[in-house]
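The values are calculated or read from the model by the stated rules, or taken from the named source; none is laboratory data. Not measured: the values here are computed from a predicted model. As a convention, Cβ positions derive from the backbone with ideal geometry for all residues, glycine included, and neighbour counts pool all protein chains shown. Ligands, DNA and RNA are stripped out before the accessible areas are found, and what is left, the full protein with its side chains, is counted by its heavy atoms. Shrake-Rupley method; radii C 1.70, N 1.55, O 1.52, S 1.80 Å.
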There are 4 protein chains.
Amino acid sequence: MRQLCKGNVAVIKGAILAGCRGYYGYPITPASEIAEAAALYFPQVGGTFIQAESETAAINMVYGASAAGVRAMTGSSGPGLSLMQEGISYLAGAELPCVIVDVMRGGPGLGNIAPEQSDYFAMVKGGGHGNYRNLVLAPASVQEMADFTILAFELADRYRNPAVVLTDGFVGQMMEPLELQYPDNNREISLPEKLWAVKGTPETRANLISSIYLEPDALEAHQRRMEAKYIRAQQAEQRCEMCYTDDADVLLVGYGIVSRVLLSTVKALRREGVKAGLFRPITLWPYPSKALAEAAAKVQKVLVVELSNGQMVEEVRLALNGKVPVEFYGRVGGNVPSVGELQEQVLSRMAVAV
Amino acid sequence: MRQLCKGNVAVIKGAILAGCRGYYGYPITPASEIAEAAALYFPQVGGTFIQAESETAAINMVYGASAAGVRAMTGSSGPGLSLMQEGISYLAGAELPCVIVDVMRGGPGLGNIAPEQSDYFAMVKGGGHGNYRNLVLAPASVQEMADFTILAFELADRYRNPAVVLTDGFVGQMMEPLELQYPDNNREISLPEKLWAVKGTPETRANLISSIYLEPDALEAHQRRMEAKYIRAQQAEQRCEMCYTDDADVLLVGYGIVSRVLLSTVKALRREGVKAGLFRPITLWPYPSKALAEAAAKVQKVLVVELSNGQMVEEVRLALNGKVPVEFYGRVGGNVPSVGELQEQVLSRMAVAV
Amino acid sequence: MRQLCKGNVAVIKGAILAGCRGYYGYPITPASEIAEAAALYFPQVGGTFIQAESETAAINMVYGASAAGVRAMTGSSGPGLSLMQEGISYLAGAELPCVIVDVMRGGPGLGNIAPEQSDYFAMVKGGGHGNYRNLVLAPASVQEMADFTILAFELADRYRNPAVVLTDGFVGQMMEPLELQYPDNNREISLPEKLWAVKGTPETRANLISSIYLEPDALEAHQRRMEAKYIRAQQAEQRCEMCYTDDADVLLVGYGIVSRVLLSTVKALRREGVKAGLFRPITLWPYPSKALAEAAAKVQKVLVVELSNGQMVEEVRLALNGKVPVEFYGRVGGNVPSVGELQEQVLSRMAVAV
Amino acid sequence: MRQLCKGNVAVIKGAILAGCRGYYGYPITPASEIAEAAALYFPQVGGTFIQAESETAAINMVYGASAAGVRAMTGSSGPGLSLMQEGISYLAGAELPCVIVDVMRGGPGLGNIAPEQSDYFAMVKGGGHGNYRNLVLAPASVQEMADFTILAFELADRYRNPAVVLTDGFVGQMMEPLELQYPDNNREISLPEKLWAVKGTPETRANLISSIYLEPDALEAHQRRMEAKYIRAQQAEQRCEMCYTDDADVLLVGYGIVSRVLLSTVKALRREGVKAGLFRPITLWPYPSKALAEAAAKVQKVLVVELSNGQMVEEVRLALNGKVPVEFYGRVGGNVPSVGELQEQVLSRMAVAV
């Protein structure tokens, strides 16, 4: 079924197809349509939508629903996500799957409601306490808002860990065609059995969901187990998209909405004879470092572009480890670099090299 | 005045000498003695201690006190700090100085109350939303708990930004001699004038403390100003300690309590003929990358040791940018590597090189 | 369908038959089985059960559901009800129907979890601010727990006002046969149309649910309208039960569980030749003053018995207005007077008269 | 020292003279100047002012301060008081003295910010759960706002019970001369020793402040002790003011601001030859029933006037117990009856009698 759909709404359509039946959240611009769509559609499929008292409440409701074996989610923007950091750490520590959507806006503090990508550190490096990682996906289109939400539920269950759909006000607010792959609700999805969940049944009575391990050795063992699954995820789940990288002299790196501007920039540069390529991370964690290192192996320069003051650029530097010069260009506050602006950035930086 | 003092208590003694007169917090092991000491000493110097309803409340009280021009602080451990992430982002966005003490415990989630260093990402990379940085100091002794708290207030005011004292349950709980430099309360400290504060006076009536900038250009300009001060801080405030680095073949890197174990390890290794050196970052942000790069210039290997699964190690890699192999060894859950254990780690890793 | 059922569970069975589809609450002994049964049964009939963050949250969720036209309810015990007083006043002020169950326990403060009747003032006289009344029903059996809950929904809708089922830990916890009158779920109930509700439909877009009336004349007019409906309720809804009152010399008055002990006492007294009668108020507001005045017209003495230190006794005095001596006997803390104890009370007080 | 002062401010001046050193509250019109004055003056006398997160928080801070032996208070208006009902019940149950000021506004729900007297039931009959009473004083002038606040602290300590200053937006907002009896701060007040308090000293270590009594007999005994002190208060603390009652044919009864309109009405009626008198309760609990019964002994009619739909009138009826006809006239929403309006009410009702 092909339809014109807003990015934030596509998240919920994807979630429903993924079998998610619990949405707990609190509205905030520019993420509010997610809650709105959840309030509309979840009851229609027998699901639960709760507008919680606060974001702190919402993430703890997600904890509860997930502990009961339900595919559950929440959505918010920067300030709301900050309020959820304790809860996210608890979900990760208790190895509970869930999906969290962050439609990034301008920050820090109150900032504004225009798009930014400045929650990268908070969501990818871990804004909550303790050793844990979020699985993070970065959609760049309305279609991916749905598809990556579905994927996020799969990954969350596969690794029993929170998965984040990290997007921004552009992708959240824009309308594009959406093709839902599933002919009718929920038929295609076979939900994983969750033997560990506390379902209120005699069989699950002995199950315990907790993140407390009082003895140092017990907590260390727990963290080692978590680490092992994170290593598995790093091996199995790195995802990216590459365009024109085979013969590239300069590699442009950006995620989400930025990757679309970068693709236009690459094409414009090539029209001018500059062999530019695009590397677009789809998973921000695990970061597609291996593919990036390969794509950058022969380039003269890497330019990372973000709607931030430079956050993901650190992952690029870590991945390339000094082998290629990595430069950064960022815009913030809701401003987005134009193709012309980026062309100029590339040309001026390539000047010496070219 | 020389005295035997607990690390957590030293924090408050330092804070009072620094002219801090507002403490807002909620107790949590292993940070509770900070609140306890604040409750005892702050009223004695005409200051305010409030046990807030929650950590979320506490950090917002800090916001209010700081906006009024008062040197203000809070203290907590992992879960509490996660709950404060929204408030910290607001403080940074409104350019409000404050001091936040994180006595790290085992995580994620509830974890345990034993020491860890796994809030590094949350406190150093920025756990809250938006582009901002915390100034972060890492004490390794009771003396430094006091001294760095004083320094944190200085830095916070100098950059109008939150400053974090990032420590752990070991340093917080241990007792050591403390020498307070100031002969009597508050005489030495000349508090900075804060013309921007909202003091309830006619002169400050027009002052406005806020982090909202609705227009993209306005928010971008605000963030550029913030970025400029962060660059100044990176140039002026990198602090570290180096021991036996001049002729080192292997460089051990660790902060806080770990640096003390590492120093013993360095000495033990040298007794066995291995030229080991210690690099101890004092500021975790800005990270002492320049000094580290110099110290590591001639070593064969760098081994980073943390009470985490590897967080600060990324800064080391970024600083060295592939020039030297960087390895990692970590313990978690409250376990701390022994000198013997670390010697073995170094020796086995140096095997090929030696 | 006849079944053995616990009083608290009967509340929910009644609620579901009454078409209630929203339960919002927080568990507290001795009311917890209400929430438990709601959690079990509401989803089975397409309804919503939410365990809120607090009682304050719960009553405001009831406000929201009721505003949307849904039959909604909550349940708690003393401390929880106190936390709901603001919300109840808002519901009354906005003329929103709802049902609130108070399974009274020992108070004040934390008290204990044994039965009492000491929330009478708080629930009947109005514990919240402003001029409003709750409609209050006092069941004395498991059957009435179901029946009066159904009736409470009818009255709440009829008067667009909160209705309270005021019961206690005895009636809530005891098991008795329950006969549900309705052959299958919800078929018998024809829910009232609520043209005033905000249903998210185009037709109801102009509806406004609010209790704010800034102008004194407007607020006075609003309160006069409310007062008029309260007068209608006082005329139409007084309910009571009388036993052996025709020839009674002494009238025993008590509600809820006490009325059952009183009936046994009446019978025991009559066996000893004392013409005792029982007056049992079913509605505590509107209080069945007219029937009481008639029943007491020829008696020599009225003895009010409560599991409190004397609260409802004031209504009896107001109803009789000095025409008959009114005395009081109460037990509290979970203690209940025995038949022998009450016989003795009556006999000693009748001594002069007899 | 004679000064022109606002009623709400006089409350705080009285509180400080009474030795109160802890104010915990949340602002609400028309009570906000109380918090404002507390914020200004409490720090000047070494006291504590905290603007809490909510009224629920505020009353629990009062609990804490009172438990520590400090004279503590809060202030609010209708909605805020409703949120405090749980806390008030806990204070009463734990026998903790405190002063609570309710500057009544229009209700129920949001209502408006104009004066009313419709929290009478909520504050006098007990809006919280369980058997307890508040001591309630009703000032009618700015001078009494100060004096009765002082008296409230005395009574609260004498009976170890919450004492309420029940006033309204008129008395709270109006400015009148205030004569503070005490030459300088706090010299006159000798604060009672509180051997029961938990002061953080070795001597008070064994003290326990609690309202929990798990065993029925223990809770009953506790309530009997409380009841005994309430009976003592009823015998010792009934306060009222009477004007022209000696030869009155009609007795006007009203409290607070209403009593001032009633006095003018009495004088106007007497000028017209109607022997009217004024009975003004100063304590609303314990209600001055004895004096009222005496004052009403020879009148033909009693007219109760309230800024409510009839709440205190019940106490009048209970006190007179049918001996004299009791009628009621009320205005609400912020409207206040004029002298002419009340004259007419009296004359029309007296018509038959005269």
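So, in the range A:1-28, exactly how many residues are in a strand (DSSP E or B) and more than 21 Å from residue A:56 (Cα to Cα)? Spell out how you get there, then give the answer.
Going residue by residue through the range A:1-28, those that are in a strand (DSSP E or B) are A:2-6, A:22-25.
After this cut, where a residue has to be more than 21 Å from residue A:56 (Cα to Cα) as well, the list is A:2-6.
Counting residues in the range A:1-28 that are in a strand (DSSP E or B) and more than 21 Å from residue A:56 (Cα to Cα) gives 5.
Given (1) more than 12 Å from chain D (Cβ to nearest Cβ); (2) at pLDDT below 95, identify the lone condition not met by residue C:126.
(1)
Within the range A:322-354, count every residue that is outside any loop (DSSP other than H, G, I, E, B) and of a type in the set (Lys, Arg).
Narrowing the range A:322-354 to residues outside any loop (DSSP other than H, G, I, E, B): A:326-330, A:339-350.
Of the ones still in play, those that are also of a type in the set (Lys, Arg) are A:349.
Going through the range A:322-354 one residue at a time, the tally reaches 1.
The rows are residues; the columns are (1) under 29 Å from residue D:336 (Cα atoms); (2) in contact with a strand residue (DSSP E or B) (Cβ under 7 Å, 6 or more places away or on another chain); (3) open to solvent by 10 Å² or more (accessible area, probe 1.4 Å).
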residue	(1), (2), (3)
D:70	no, yes, yes
D:80	yes, no, no
D:91	no, yes, no
D:95	no, no, yes
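If the Cβ limit is 6 Å and pairs must be 6+ apart or interchain, which residue in the range B:329-352 that is within 20 Å of residue B:316 (Cβ to Cβ) pairs with which residue that is of a type in the set (D, E, K, R)?
If the second residue must be of a type in the set (D, E, K, R), the pairs left are B:330/B:306; B:332/A:220; B:332/B:116; B:337/B:331; B:349/B:327.
Any idea which residue in the range D:121-146 is surrounded by the fewest Cβ atoms within 10 Å (Cβ to Cβ), counting only those that are in a loop (DSSP other than H, G, I, E, B) and of a type in the set (A, V, I, L, M, F, W, C)?
Residues of the range D:121-146 in a loop (DSSP other than H, G, I, E, B): D:127-134, D:138-141.
Subsequent filtering for residues that are of a type in the set (A, V, I, L, M, F, W, C) retains D:138, D:140.
Working: D:138: 30, D:140: 24.
Top of the filtered list is D:140.
With the structure loaded, tell me whether residue B:294 is away from chain A (no Cβ under 14 Å), within 15 Å of residue B:350 (Cβ to Cβ) and open to solvent by 10 Å² or more (accessible area, probe 1.4 Å) or whether it fails that test. Full working, then the answer.
Working: away from chain A (no Cβ under 14 Å): yes; within 15 Å of residue B:350 (Cβ to Cβ): no; open to solvent by 10 Å² or more (accessible area, probe 1.4 Å): yes.
When the stated conditions are applied, residue B:294 does not pass them.
Residues are listed down the side, and each one gets a yes or a no for (1) more than 14 Å from chain B (Cβ to nearest Cβ); (2) at pLDDT below 95; (3) in contact with a helix residue (DSSP H, G or I) (Cβ under 7 Å, 6 or more places away or on another chain):
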residue	(1), (2), (3)
A:111	no, no, yes
A:149	yes, no, yes
A:168	no, yes, yes
A:184	yes, yes, no
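Taking residue D:21 and the conditions (1) crowded, with 21+ Cβ neighbours inside 10 Å; (2) basic (Lys, Arg); (3) within 18 Å of residue B:50 (Cβ to Cβ), which numbered condition does it fall short on, given that it satisfies the others?
(1)
Can we say residue A:353 is among the small types (Gly, Ala, Ser), at pLDDT below 95, open to solvent by 10 Å² or more (accessible area, probe 1.4 Å) and more than 23 Å from the chain's Cα centre (by Cα)?
Working: among the small types (Gly, Ala, Ser): yes; at pLDDT below 95: yes; open to solvent by 10 Å² or more (accessible area, probe 1.4 Å): yes; more than 23 Å from the chain's Cα centre (by Cα): yes.
So residue A:353 fits the description; yes.
Somewhere in the range C:287-300, is a residue of a type in the set (Asp, Glu), in a helix (DSSP H, G or I) and within 30 Å of residue D:215 (Cβ to Cβ)? Reasoning before the result, please.
The initial filter retains those residues of the range C:287-300 that are of a type in the set (Asp, Glu), namely C:294.
Checking the rest, the ones that are also in a helix (DSSP H, G or I) come to C:294.
Those left that are additionally within 30 Å of residue D:215 (Cβ to Cβ): none.
No, the range C:287-300 has no match at all.
For the range C:260-282, name all the residues that are assigned to a helix (DSSP H, G or I) and crowded, with 24+ Cβ neighbours inside 10 Å. Show your work before the answer.
Restricting attention to the range C:260-282, the residues satisfying the condition of being assigned to a helix (DSSP H, G or I) are C:260-271.
Selection gives C:262, C:265, C:266, C:269.
So which residues in the range D:188-222 are assigned to a loop (DSSP other than H, G, I, E, B), within 14 Å of another protein chain (Cβ to nearest Cβ), within 21 Å of residue C:111 (Cα to Cα) and without any contact (Cβ under 8 Å) to a residue 60 or more places away in the chain, if there are any at all?
D:208, D:213, D:214, D:215
Conditions (1) in contact with a Leu (Cβ under 8 Å, 6 or more places away or on another chain); (2) within 25 Å of residue A:131 (Cβ to Cβ), marked per residue:
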site	(1), (2)
B:104	yes, yes
B:116	yes, yes
B:121	no, yes
B:129	yes, yes
B:132	no, yes
B:148	yes, yes
B:156	yes, no
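Kindly provide the set of residues from the range A:238-256 that are part of a loop (DSSP other than H, G, I, E, B) and open to solvent by 10 Å² or more (accessible area, probe 1.4 Å), ordered by number. Show your work before the answer.
From the range A:238-256, those part of a loop (DSSP other than H, G, I, E, B) are A:238-239, A:244-249, A:254-256; that's our starting set.
Listed by number, the residues that qualify are A:238, A:239, A:244, A:245, A:246, A:247, A:249.
For residues in the range A:56-87 being part of a helix (DSSP H, G or I), in contact with a helix residue (DSSP H, G or I) (Cβ under 7 Å, 6 or more places away or on another chain) and over 23 Å from residue A:131 (Cβ atoms), which is nearest to the other protein chains (Cβ to nearest Cβ)?
A:79
Away from every other protein chain (no Cβ under 12 Å), at pLDDT 95 or above and under 30 Å from residue B:140 (Cα atoms): is that true of residue B:226 in this structure? Spell out the reasoning first.
Numbers: away from every other protein chain (no Cβ under 12 Å): no; at pLDDT 95 or above: yes; under 30 Å from residue B:140 (Cα atoms): yes.
No.
Do we find a residue being at the interface with another protein chain (Cβ under 8 Å from one of its Cβ atoms) and part of a helix (DSSP H, G or I) anywhere in the range D:29-40? It would help to see each step written out before you state the result.
Residues of the range D:29-40 that are at the interface with another protein chain (Cβ under 8 Å from one of its Cβ atoms), as a first pass: none.
Scanning the range D:29-40 turns up no residue that is at the interface with another protein chain (Cβ under 8 Å from one of its Cβ atoms) and part of a helix (DSSP H, G or I).
Counting only residues that are assigned to a loop (DSSP other than H, G, I, E, B) and open to solvent by less than 10 Å² (accessible area, probe 1.4 Å), which one in the range A:304-321 is nearest to the other protein chains (Cβ to nearest Cβ)?
First pass over the range A:304-321, keeping only residues assigned to a loop (DSSP other than H, G, I, E, B): A:307-312, A:321.
Now drop any that are not open to solvent by less than 10 Å² (accessible area, probe 1.4 Å), which leaves A:307-308, A:311-312.
Numbers: A:307: 10, A:308: 6, A:311: 8, A:312: 12 Å.
Going through the qualifying residues, I end up with A:308.
Being of a type in the set (D, E, K, R), farther than 29 Å from residue C:324 by Cβ and in contact with a Leu (Cβ under 8 Å, 6 or more places away or on another chain): is that true of residue D:271 here?
Details: of a type in the set (D, E, K, R): yes; farther than 29 Å from residue C:324 by Cβ: yes; in contact with a Leu (Cβ under 8 Å, 6 or more places away or on another chain): no.
Considered against the rule, which asks whether it is of a type in the set (D, E, K, R), farther than 29 Å from residue C:324 by Cβ and in contact with a Leu (Cβ under 8 Å, 6 or more places away or on another chain), residue D:271 comes out as no.
Tell me which residues, restricted to the range A:147-171, are crowded, with 24+ Cβ neighbours inside 10 Å and of a type in the set (D, E, K, R).
Correct list: A:168 only.
Does residue B:106 fit the bill of being open to solvent by less than 10 Å² (accessible area, probe 1.4 Å), at the interface with chain A (Cβ under 7 Å from one of its Cβ atoms) and over 25 Å from residue A:119 (Cβ atoms)?
Working: open to solvent by less than 10 Å² (accessible area, probe 1.4 Å): yes; at the interface with chain A (Cβ under 7 Å from one of its Cβ atoms): yes; over 25 Å from residue A:119 (Cβ atoms): yes.
The answer is yes for residue B:106.
So residue D:338 clears everything in (1) within 14 Å of another protein chain (Cβ to nearest Cβ); (2) more than 30 Å from residue D:134 (Cα to Cα); (3) open to solvent by less than 10 Å² (accessible area, probe 1.4 Å) except one condition, right? Which one?
So residue D:338 meets the others, but not (3).
For residue C:285, only one of the following conditions fails: (1) away from chain D (no Cβ under 14 Å); (2) surrounded by 23 or more Cβ atoms within 10 Å (Cβ to Cβ). What is its number?
(1)
Among the residues of the range A:189-237, write down those that are surrounded by 13 or more Cβ atoms within 10 Å (Cβ to Cβ), under 27 Å from residue A:151 (Cβ atoms) and of a type in the set (Gly, Ala, Ser).
Across the range A:189-237, the qualifying residues are A:197, A:211, A:233.
Condition check: out of contact with any Gly (no Cβ under 9 Å at 6 or more places or on another chain) and either outside any loop (DSSP other than H, G, I, E, B) or among the hydroxyl-bearing types (Ser, Thr, Tyr) (or both). Does residue B:225 satisfy that?
So residue B:225 passes the test.
Could you tell me how many of the residues in the range A:261-280 are touching a residue at least 60 places away in the same chain (Cβ under 8 Å) and of a type outside the set (Val, Ile, Thr)?
Residues that pass the stated criteria total 7.
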